[in-house]
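The values are calculated or read from the model by the stated rules, or taken from the named source; none is laboratory data. Keep in mind it's a predicted model, so treat the numbers as computed, not measured. Please note: Cβ atoms are built from the backbone with ideal geometry, for glycine as well, and neighbour counts cover all protein chains shown.
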Amino acid sequence: MHTDLNRSLCGRRWLVRTFPFRHVLADSVFTPALHEQLTAELGDLLDASGGHGFERNMRGFEATGHGFRPGYRGAFDIFFSAEFRRLMSSVFDAPLTCDVDASLHHHEPGARSGHIHNDLNPGWFPARPQDSPESAVNLSDPSRCDYRFGETGEVGLEVVERVRAVALLYYLHNGPWVPGNGGETGLYLDRTGPVAEPFLVAPPKDNALLAFECTPRSFHTYLESRVPRNSLIMWWHRPKEDAVARWGEKAIVPWLRGQRK
């Protein structure tokens, strides 16, 4: 499905903040028609087979996820477009590759808060074929290459290591949100403070998004929700050498064996 980004956005009056780290908040992101398509697609996935399309694969977070894989076609293609990538690259002045890891997340009521982290992690992808279009998205594919460690059982497969550059959360299929519902994304000045005391929060309002550059200071986490909470979460990536030049190799947070995304 191809969707024109300019016609799909409800204006670009996005609020850019620099504290506790650079991030963007936006409400009423897409036109009602596109938001309804996105909501319907997520609703169908949740309803199908009792939600068996969602897996519990995020250690430290009481959520289930449904990953987007190569060959996907649907309403969420808007997020994987070259236009959206260029927009994020411009907002955060970050060099973004075509490599993307993305999934839909679902939290049940009462899901406990997560741990504070910064998302400055590596990500491995099958190398794109040389004849693929320059703008073509390269979605993570665990059937071919382990996203966290680059391991592959495919003989001769070339893999590339990237580093997460920009994270985006888009909230949908949640219904009206009021203070007290929970499910916000908390943003923090550092990782040592109480999870329950964020510097500020991004509420999970339908058709709203939170985006931020992944840096050594981009501390955040999910906060406990009293109602179901749904979102798209995705990461664009940058060349590893760019991350090393900016912050040093030791700033990149390696995955631990047994740890999930």
Original post:
Which of the residues spanning segment 66-108 are closer than 12 Å to Met234 by Cα and assigned to a strand (DSSP E or B)?
Top reply: His66, Gly67, Asp99, Val100, Asp101, Ala102, Ser103, Leu104, His105
Original post:
For Ser90, which of the numbered conditions (1) among the polar types (S, T, N, Q); (2) surrounded by fewer than 20 Cβ atoms within 10 Å (Cβ to Cβ); (3) in contact with a strand residue (DSSP E or B) (Cβ under 8 Å, 6 or more places away or on another chain) fails to hold?
Top reply: (3)
**OP:** Scan segment 136-159 and give yes if some residue there is crowded, with 22+ Cβ neighbours inside 10 Å and not in a loop (DSSP other than H, G, I, E, B), otherwise no.
**Re:** no
Original post:
Since Pro194 meets every condition but one in (1) in contact with a His (Cβ under 9 Å, 6 or more places away or on another chain); (2) surrounded by fewer than 16 Cβ atoms within 10 Å (Cβ to Cβ); (3) not hydroxyl-bearing (Ser, Thr, Tyr), which condition does it not meet?
Top reply: (1)
**OP:** Look through Pro254, Pro216, Pro198 and report the one residue that is touching a Gly at 6+ places or on another chain (Cβ under 7 Å) and part of a loop (DSSP other than H, G, I, E, B).
**Re:** Pro198
Subject >> Filter pass, Val201 being surrounded by fewer than 16 Cβ atoms within 10 Å (Cβ to Cβ) and free of Cβ contacts under 8 Å to residues at least 60 places away in the same chain >> reply: no
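State whether the residues of segment 219-240 include one that is over 17 Å from the mean Cα position of the chain (by Cα) and under 30 Å from Pro126 (Cβ atoms).
yes
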Original post:
From the list Leu34, Leu120, which residue is modelled with pLDDT of 95 or more, assigned to a loop (DSSP other than H, G, I, E, B) and out of contact with any His (no Cβ under 6 Å at 6 or more places or on another chain)?
Top reply: Leu120
Original post:
Before we move on, is Asn207 touching a helix residue (DSSP H, G or I) at 6+ places or on another chain (Cβ under 7 Å) and surrounded by 15 or more Cβ atoms within 10 Å (Cβ to Cβ)?
Top reply: yes
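Conditions (1) within 30 Å of Gly248 (Cβ to Cβ); (2) touching a Ser or Thr at 6+ places or on another chain (Cβ under 6 Å), marked per residue:
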| position | (1), (2) |
| --- | --- |
| Glu83 | no, no |
| Ala94 | yes, no |
| His105 | no, yes |
| Pro109 | no, no |
| His117 | yes, no |
| Arg128 | yes, no |
| Glu151 | yes, no |
| Gly156 | no, no |
